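The values are calculated or read from the model by the stated rules, or taken from the named source; none is laboratory data. Given the structure is predicted, the values throughout are model-derived calculations rather than measurements. Quick reminder, even Gly has a Cβ in these numbers, built from the backbone with ideal geometry, and neighbours come from all protein chains shown. SASA here: full protein model, heavy atoms, side chains in, ligands and nucleic acids out. Shrake-Rupley method; radii C 1.70, N 1.55, O 1.52, S 1.80 Å.
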Amino acid sequence: NARALTGSSEVLWRQFIVTIENADSVGVYLGTPRLQAKEPKPSEPTVEIEDFEFYRTPVELTPDQAAQLIILVSNPHLFSNYRGMKLCGGFHPDMCIEWTFEQNGQHWHKRAFICLGCNECRFIDRLSAIQVDMSKQAADEFAGLLRGLRKD
């Protein structure tokens, strides 16, 4: 079960979430499947974000979905300090949530990478990066949201 974030993990997470509700837009990139050595790459165009491959076109979110993501990512009871690498083949995000900001002609973003295989999340912004573990409740909620976003 998830224990609360503590120390620098809590500080960095709080720095990440403090402004996401002020984003100009939010989108979700869907992760490509984890491929075995000889499997063909997806035929759909992809993009690399922070060394991970996603389908190129982000999913547009409804205002309700965007609000749900903010509530989920901002809930301190759903995350705990990273406890180390899992035996699932390594971090391979199923989704990348991207909050985009613009002020005085300057553009920047914050991203949350969600891996449902190992129940881990990476929060990356222009100042810092943090990896945390997610509770089963968080993973279930992200999985439900992801099912709603997939077209297949």
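Here are some notes:
- Of all residues making up region 112-123, the number that are modelled with pLDDT of 95 or more and either of a type in the set (S, T, Y) or surrounded by fewer than 19 Cβ atoms within 10 Å (Cβ to Cβ) (or both): 0
- From the options L12, L5, L72, residue that is buried (at least 18 other Cβ atoms within 10 Å of the Cβ), part of a helix (DSSP H, G or I), among the hydrophobic types (A, V, I, L, M, F, W, C) and over 13 Å from the mean Cα position of the chain (by Cα): L12
- Restricting attention to region 25-61, the residues that are open to solvent by 100 Å² or more (accessible area, probe 1.4 Å), part of a loop (DSSP other than H, G, I, E, B) and farther than 15 Å from G89 by Cβ add up to 8.
- Condition broken by H109, with the remaining ones in (1) loosely packed, with under 14 Cβ neighbours inside 10 Å; (2) closer than 19 Å to S25 by Cβ; (3) in contact with a strand residue (DSSP E or B) (Cβ under 9 Å, 6 or more places away or on another chain) satisfied: (1)
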